[in-house]
Amino acid sequence: MAQHRMALGSFVAERGNSRALSPGEMLFAEGDQSTSVFACTSGRINLFVTSPSGREVMLGTKTPVEGFGELSAISGSPRTATARATEAATVAVMPGDEFLHELEAEASLAIAVLRELAGQLAVSNLRLSSRSVESAEGRVAQLLVDLGSKFRRHGRGGSTELPITQDEVAAWVGSTREAAARSLASLRKAGCIKTGRGRITIVDNGALEGMACGSTFLR
C-alpha cells in the first residue's frame with residue numbers, strides 16, 4: 001500500500017505548484033468544494049474530521065512524499081476532512097481537472113489511486129473495529145508503533161522520536177485527552193516510551209509491539 005501512496009505523491013510533487021504553509025495553517029476544511037490534489041513535500045499535514053461534539057478525530061498524517069485530496073477531485077464532492085499543517089510545511093498543488101486528465105491518460109496512475117482509496121477504506125474499517133474491542137492502551141501502543149515505522153521510513157534520521165502531542169494521540173485513537181494521558185503513562189511506566197513537551201520517544205519498540213492491538217491507525 002505504501003508503494004502506491006508514494007507513487008501518487010511523487011506524481012503530484014513533480015507536476016504540481018509549490019505552496020508554503022505556516023504551523024497550524026489550514027489547507028482545506030471539511031465541506032469545502034475545492035478539487036485540487038496535493039502532495040506533502042516537507043513538514044507534516046494532519047487530516048481530521050470534527051465530531052458533532054466538536055472533538056477532532058484524526059484520520060491520518062501526511063509526510064514527504066505522500067499524496068492526498070484525490071477523492072474530491074474524482075467525485076466532485078465536498079472535502080470529507082480538514083487538512084492542517086502541524087509545523088512549517090510545503091505542499092505541491094495540482095488542479096483537479098488536470099489530475100483527472102492525467103488519470104484518464106495514465107492507467108498505471110489510475111490503478112495506484114484505486115489501490116490507495118481501497119487501502120484507506122481498509123484502514124478505516126480496522127480502526128472502527130478496534131475501538132469496540134481493544135483497550136485504549138492497546139490502541140495507543142499500536143498508533144505509536146505505526147508512527148514509529150512511518151517516520152523512520154521517511155528519513156527522520158532513524159530516530160524513534162515522534163513530534164506528536166497528547167491531543168493528537170487522543171484524536172487518533174478516539175479517546176479523551178485524559179484517557180490518552182493515562183495510556184501514555186502506563187506505556188511510560190512499562191519502559192516502552194519516554195514523553196516530553198510535544199514529543200514521544202519510543203525506547204523499546206519490541207515491548208511496545210507486544211502491547212499493541214494489531215489494527216493500523218495510519219493511511
Relative to the longest principal axis of the chain, what angle (0 to 90°, nearest 10) does the C-alpha long axis of helix 96-105 take?
-> 80
Determine the gain in length on full extension of the stretch Glu106-Asn17; use 0.36 nm per residue of separation and subtract their C-alpha separation, reporting nm with one decimal.
-> 30.0 nm
When the chain is treated as a GNM, springs tying every alpha-carbon pair under 10 Å, which of Leu59, Leu144, Leu109 comes out with the largest mean-square fluctuation?
-> Leu109
Acute angle (nearest 10 degrees) that the helix 107-133 long axis makes with the longest principal axis of the chain, alpha-carbon atoms = 30
Starting from the Cα gyration tensor of the chain, take the square roots of the eigenvalues, sort them a ≥ b ≥ c, and report rounded, prolate or oblate (rounded when a/c is under 1.5, otherwise prolate if a/b is larger than b/c, else oblate).
-> prolate
What list of whole percents do you get for P(r) of the range 2-129, with Cα-Cα distances grouped in 10 Å bins up to the one holding the largest distance?
-> 13, 46, 35, 6, 0
What is the chain's relative contact order, in percent, from Cα pairs under 8 angstrom and six or more apart in sequence?
-> 22
What relative contact order, as a whole-number percentage, does the range 134-211 give when Cα pairs under 8 Å and 6 or more residues apart are counted?
-> 38
On a 0 to 90° scale, report how tilted helix 136-153 is relative to the longest principal axis of the chain, with both axes built from alpha carbons and the result rounded to the nearest 10.
-> 50
Shape of the range 134-211, Cα gyration tensor, a/c cut at 1.5 | prolate
Around Leu27, with a cut-off of 9 angstrom between Cβ atoms, what is the net charge of the other residues, counting Lys and Arg +1 and Asp and Glu -1?
-> +1
Mean residue ellipticity (222 nm) of the chain, computed from DSSP H runs ≥ 4 via -39,500 (n - 2.57), nearest 500 | -15000 deg cm²/dmol
Got the relative contact order for the range 2-129 handy, in percent, Cα pairs under 8 Å and 6 or more residues apart?
-> 35
GNM of the chain, Cα pairs under 10 angstrom: of Gly24, Gly43, Gly69, the biggest fluctuation goes to Gly24
Would you kindly derive the ³J(HN,Hα) couplings of the range 46-54 from the backbone phi angles with the Karplus curve 6.51 cos²θ - 1.76 cosθ + 1.60 (θ = phi - 60°), listing them in order in whole Hz, with x for Gly and Pro?
-> 9, 10, 8, 10, 10, 6, x, 7, x
Using alpha carbon centroids, what distance separates the range 192-213 and the range 1-74, in Å?
-> 26
With +1 on each Lys and Arg Cβ and -1 on each Asp and Glu Cβ, how big is the dipole of the range 1-92 about its Cα centre, in debye rounded to the nearest 20?
-> 60
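Each reported figure results from applying straightforward, stated rules to the coordinates on display, with no laboratory input. A quick note: this is a predicted structure, and the numbers were derived from the prediction, not measured. Heads up, the Cβs are rebuilt from the backbone with ideal geometry, glycines too, and the neighbour counts pull from every protein chain shown.
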